[in-house]
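Okay, so here's the structure we're looking at.
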Amino acid sequence: MYILRAENFGVRIGNRWILKDIDFRLKRSQIYVLFGPNGSGKTTIISAIAGLPGYEVEGKIFFDDKDITDLEIDERANLGISVAFQYPPEITGVKLEAILKRCLDKDPEDDFSESEMQMIESFKLAEFLNRDINVGFSGGERKRAEMLQMFFLRSELLLLDEPDSGVDVDTLKLMGEQLQKYIDDNEATALIVTHQGGILEYMDPKYACVLFDSSLQCFADPNRIAKELRQCGYQCCIQCNRKVTRPWNDH
């Protein structure tokens, strides 16, 4: 029923606890939205779930009821967990075509199928196939390439760190609609970290949560929460909606 469970979840970097004693559960075939001010720990949550090095985790993380707390990042990726970074790095010497074929488990000399090329073209990336990954790419081009890689990996849990920052409206629409279709078609789950919630206009998320003062304040109707955050900020939004607050594991 739940694709991800975190129990007594806490994360420490060095001697500093970023998060402490948080519980949450994510269902399959859903899009979850995580809001929060700068420095609140949003990126820390998805980085710890993905297994990035440098994050010391307490508590337990379960993926499809399998304890993944001590698994390495590659082991979690092989289970179906993928992450799209806020600032996708440049990788000189590796072509986009090569990484996409690797995601599809193809040999370098293999051709893309007709449906795979259609997907590449729908992301407006066909002309980038012979270019080094993200080298000279705009913010939107980088994020489209990251999302396409997640799709080709057949990811079951997609962790997206601010996919709507630094991109234009056309890119937001493309990514939002493609992500919603992927979730619907593959019974996958997405956890989206966002500030303004611009991408949410092009999909149908059901659950929103605000990470504030090291605690999760959770609400329904992510688009309404995004609007209220833009209008009055985090403290005001939480006070106005506290009566409907409920944990993610209670939906």
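Annotations
- CD proxy at 222 nm, helix term only [per DSSP H run n ≥ 4: -39500 (n - 2.57); per residue of the chain; nearest 500]: -10500 deg cm²/dmol
- Note on the range 66-204: the alpha carbon radius of gyration divided by the globular reference 2.2 N^0.38 Å gives 1.02.
- Under 18 Å from the Cα of Lys227 - aspartates and glutamates, other chains or at least 8 residues apart: Glu162, Asp164, Glu201, Asp204
- A cut-off of 5 Å between modelled amide H atoms, ignoring neighbours fewer than 5 places along the same chain, links Val94 with Ile133.
- Applying 0.36 nm per residue to the separation of Glu177 and Val94 and subtracting their alpha-carbon distance, the gain on full extension is 27.0 nm.
- Each of Leu104 and Arg12 was given a label point 7 Å from its Cα along the Cα-to-Cβ line. The distance between the two points is 4.6 nm.
- The distance from the alpha carbon centre of the range 35-105 to that of the range 135-192 is 14 Å, rounded to a whole number.
- Listed values for the range 17-25 are Karplus-derived 3J(HN,Hα) couplings in whole Hz (6.51 cos²θ - 1.76 cosθ + 1.60, θ = phi - 60°), namely 7, 8, 9, 8, 6, 10, 10, 7, 9, and x replaces Gly and Pro.
- Counting only alpha carbon atoms, the long axis of helix 139-152 and the longest principal axis of the chain meet at about 80°.
- Computed from backbone phi with θ = phi - 60° and the Karplus coefficients 6.51, -1.76 and 1.60, the 3J(HN,Hα) list for the range 195-209 is 9, 9, x, x, 5, 5, 5, 10, 8, 10, x, 9, 10, 10, 9 Hz; x is used for glycine and proline.
- Size of the range 37-96 as Cα extents on the principal axes (Å, biggest first): 38, 31, 18
- Restricting the trypsin sites (Lys or Arg not before Pro) of the range 145-202 to loop positions (DSSP other than H, G, I, E, B) with no more than 11 neighbouring Cβ atoms within 10 Å leaves nothing.
- Ordering of 60-71, 141-152 by burial proxy (mean other Cβ atoms within 10 Å per residue, highest first): 141-152, 60-71
- Packing here is the average count of other Cβ atoms within 10 Å per residue, and on that basis the peptides 122-130, 107-115, 87-95, highest first, run 122-130, 87-95, 107-115.
- Debye equation applied to the C-alpha atoms of the chain, log10 I(q)/I(0) at 0.17 Å⁻¹: -1.37
Throughout, read-outs are computed from the coordinates displayed, never taken from laboratory work. Quick caveat, the model's predicted, so the values are computed rather than measured. Note that each Cβ is placed from the backbone with ideal geometry, even for glycine, and that neighbours are counted across all protein chains shown.
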